[in-house]
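The values are calculated or read from the model by the stated rules, or taken from the named source; none is laboratory data. In this text the structure is predicted, and so the values were computed from the model without any measurement. Ideal geometry is used to build each Cβ from the backbone, glycine not excepted, and the neighbour counts take in all protein chains shown.
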């Protein structure tokens with residue numbers, strides 16, 4: 001009877017029947033979709049691979065969360081570079097304490113291989129987290145037995161003592177396999193110190209270079225003393241490999257009787273002695289350099305063709321206290337402006353733009369490395385800014401515009417070097433203008449031995465062979481996060497001509 005009534009209704013009212021059938025089908029389809037979504041949410045809630053707790057999950061740029069969830073190639077083996085820096089200086093930084101209550105760094109389902117006693121390798125999935133941080137975001141799972149709390153390694157990672165942070169980012173390296181027997185490999189600690197009246201400044205380098213560790217290599221201490229409007233004096237002390245001591249886990253280095261040591265409170269104790277090139281003069285450096293907390297650059301590495309380089313700045317803003325004695329006459333420094341970086345790599349054919357300066361409450365680092373076998377010269381520079389709370393902003397100016405209105409003598413040649421420079425960048429609502437004014441400049445010919453940064457950099461056959469070092473002032477203006485920024489102060493800059 002029901003079938004007959006339905007058939008007669010369809011014959012007598014065909015369009016109304018089609019419309020009712022369409023509505024019924026649409027309702028069923030919507031119900032199926034809703035049930036599917038609910039089932040997917042339930043499956044995700046039960047998925048042990050998902051990071052629970054908190055309100056925001058931070059992943060590397062370019063990661064597709066859905067691909068990661070389904071196990072696609074794009075979801076394998078990802079990591080966040082400089083995770084500790086991001087934790088300390090961005091997410092858990094005092095600047096964001098009003099917006100971020102807690103941050104929990106976690107590693108989920110990392111593929112590892114465990115080797116058994118009989119030599120077999122077994123693939124395993126491992127998780128890593130810091131208990132106190134995971135608990136703070138409400139992501140702790142059920143505890144079957146025992147205690148679940150931070151150990152010493154957890155505490156060092158999330159809140160390292162200053163000395164541990166220095167060793168972690170400022171230690172020495174062994175050349176990678178492709179550069180193991182390259183005589184142009186070099187690595188060095190670099191410090192600079194500026195007198196309070198800005199009339200004198202000193203560059204100090206502790207250099208390890210050559211076929212490290214099983215070829216012909218050695219160490220060199222290089223100290224250059226500059227005076228406004230006067231000639232610079234270079235002091236060196238070279239020693240064989242047997243008199244060099246460095247570590248791949250610590251920042252300490254000893255070259256002959258000279259050394260750099262990290263003190264328990266994170267300051268650097270510098271002891272350096274050298275004899276003047278081409279003369280009988282001597283220099284003796286006895287300084288303690290104290291980096292400002294939070295004012296550091298975590299590092300960057302470059303590998304392009306034959307170019308292998310690394311760079312980190314443990315002391316972007318620092319103060320120096322102690323003595324520098326030239327020819328037995330000593331000058332005392334008390335809280336003098338200072339800076340410290342660390343470089344390593346093979347520098348064949350490499351040039352760079354670089355500068356670091358204070359600008360009022362801000363300290364800026366800018367740079368660009370230009371390998372010989374790339375188009376890096378057309379790539380933007382980076383400008384890295386810190387203030388009293390640590391990292392503040394990053395800008396990427398397309399170029400640095402120089403005005404070459406100064407001249408310097410290099411041997412028998414006269415070359416033009418910068419007198420001013422400008423960088424400008426706009427990133428969304430943030431803007432920055434940097435103006436450099438050069439007060440003094442010197443240049444070295446990289447085709448000759450013993451250039452400023454060490455023997456291993458000589459003979460690089462550069463298109464611009466003159467390495468120019470400048471002292472001057474930096475002035476900044478702009479806006480960051482809707483607030484105006486401005487300041488002016490002294491610094492050092494480098495380029496090539």
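Please tell me if residue 382 is more than 25 Å from residue 212 (Cβ to Cβ) and in contact with a helix residue (DSSP H, G or I) (Cβ under 7 Å, 6 or more places away or on another chain). I'd like the intermediate steps shown before the answer.
Numbers: more than 25 Å from residue 212 (Cβ to Cβ): yes; in contact with a helix residue (DSSP H, G or I) (Cβ under 7 Å, 6 or more places away or on another chain): no.
Taking the combined requirement at face value, the residue does not satisfy it.
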Just to be sure I understand the filter: pairs with C-beta atoms under 8 Å, separated by 6 or more residues or on different chains, first member in region 383-409 and within 18 Å of residue 314 (Cβ to Cβ) and assigned by TED's automatic domain parsing to the domain that holds residue 96, second member modelled with pLDDT under 95 and surrounded by 15 or more Cβ atoms within 10 Å (Cβ to Cβ). Which pairs pass? none
Just to check your reading of the model, which residue among 172, 191 is at pLDDT 95 or above, at negative phi, assigned to a loop (DSSP other than H, G, I, E, B) and in contact with a strand residue (DSSP E or B) (Cβ under 9 Å, 6 or more places away or on another chain)? 172
Taking region 322-354 on its own, how many of its residues are at positive phi and under 22 Å from the mean Cα position of the chain (by Cα)? 1
Might you let me know whether region 380-389 holds any residue that is at positive phi and either at pLDDT 95 or above or outside any strand (DSSP E or B) (or both)? no
For residue 64, are the conditions met, namely being surrounded by 10 or more Cβ atoms within 10 Å (Cβ to Cβ), farther than 23 Å from residue 141 by Cα, at pLDDT 80 or above and within 31 Å of the chain's Cα centre (by Cα)? no
Residue match in region 398-421 (condition: buried (at least 18 other Cβ atoms within 10 Å of the Cβ), within 20 Å of the chain's Cα centre (by Cα) and within 20 Å of residue 357 (Cβ to Cβ)): no
Here the residues within region 153-167 that are under 25 Å from residue 208 (Cα atoms) and either touching a residue at least 12 places away in the same chain (Cβ under 8 Å) or buried (at least 18 other Cβ atoms within 10 Å of the Cβ) (or both) are 162, 163, 165, 166, 167
Quick check on region 368-379: of everything there that is assigned to a helix (DSSP H, G or I) and in contact with a strand residue (DSSP E or B) (Cβ under 9 Å, 6 or more places away or on another chain), which residue is modelled with the highest pLDDT? 377
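Take the conditions part of a loop (DSSP other than H, G, I, E, B), modelled with pLDDT under 95, assigned by TED's automatic domain parsing to the domain that holds residue 293 and surrounded by fewer than 16 Cβ atoms within 10 Å (Cβ to Cβ) and apply them to residue 182. Does it pass? Spell out the reasoning first.
Numbers: part of a loop (DSSP other than H, G, I, E, B): yes; modelled with pLDDT under 95: yes; assigned by TED's automatic domain parsing to the domain that holds residue 293: yes; surrounded by fewer than 16 Cβ atoms within 10 Å (Cβ to Cβ): no.
So residue 182 does not fit the description; no.
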Does region 266-288 contain any residue that is surrounded by fewer than 18 Cβ atoms within 10 Å (Cβ to Cβ), more than 22 Å from residue 195 (Cβ to Cβ) and modelled with pLDDT of 95 or more? yes
Conditions: (1) touching a residue at least 12 places away in the same chain (Cβ under 8 Å); (2) more than 30 Å from the chain's Cα centre (by Cα); (3) in a strand (DSSP E or B). Residue 114 meets all but one. Number of the miss? (1)
All but one of (1) out of contact with any strand residue (DSSP E or B) (no Cβ under 6 Å at 6 or more places or on another chain); (2) closer than 25 Å to residue 350 by Cα hold for residue 280; which doesn't? (2)
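Looking only at region 196-220, how many residues end up being surrounded by 17 or more Cβ atoms within 10 Å (Cβ to Cβ) and not in a strand (DSSP E or B)? Reasoning before the result, please.
Here is the first cut: in region 196-220, the ones surrounded by 17 or more Cβ atoms within 10 Å (Cβ to Cβ) are 200-212, 217-220.
Those still in the list that are not in a strand (DSSP E or B) too: 211-212.
Residues meeting the conditions: 2.
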When restricted to 320, 301, the only residue crowded, with 22+ Cβ neighbours inside 10 Å and either closer than 15 Å to residue 204 by Cα or without any contact (Cβ under 8 Å) to a residue 60 or more places away in the chain (or both) is 320
